[in-house]
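Notes to accompany the following structure.
Read the figures in this text as sums done on the coordinates, not as results from a lab. A quick note: this is a predicted structure, and the numbers were derived from the prediction, not measured. Don't worry about glycine lacking a Cβ; one is built from the backbone with ideal geometry, like all the others, and counts go over all protein chains shown.
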Amino acid sequence: MVPGAPQKNLVEESGVKTIPVLVLLGAAVCLGLFLGTQYLRQVRSRPAMIGLHLLLGAGGFEVLVMLLSGAPDGTVLAAGGQGRIAAGLLLLALFTGLTAPMVGRRSRPTMSAALATHAAAALAGFALLVVSLART
């Protein structure tokens, strides 16, 4: 730190930079809840809705990983270990969401278990991320 140099308020800057992560992942969670209720009602979902859910989740995960490892301007998210655990849970949700149609192709109970794992990992990761960002 150079004496007399203007200091950057990293908490304030990182708070602004976390808005896209929360918007993308929040939209993915909301759309996932809608798709989950459609599945429970045994209504077939449109492939475009599933694709949008995938893009929102993957995009939010990508921005989160970028902020955890360091943004191009040097800002690093001060989420600590909780942010990394949230990223791991979201990665698990991304993996289970992509593999659920392959695993659950044979029977509905298998598909239900795969989607329940996907939903649990996604909701736990999102909740942990929100809590860790609220603490910073």
Point to revise | Between segment 29-57 and segment 60-136, the alpha-carbon center distance in angstrom | key: 17 Å
Point to revise | Spacing of the two label points (7 Å from each Cα toward its C-beta) at Ala116 and Tyr39, in nm | key: 1.1 nm
Exercise for review: Please go through segment 83-112 and write out the trypsin sites (Lys or Arg not before Pro) that DSSP classes as loop and that have at most 12 other C-beta atoms within 10 Å.
Suggested key: Arg105, Arg106
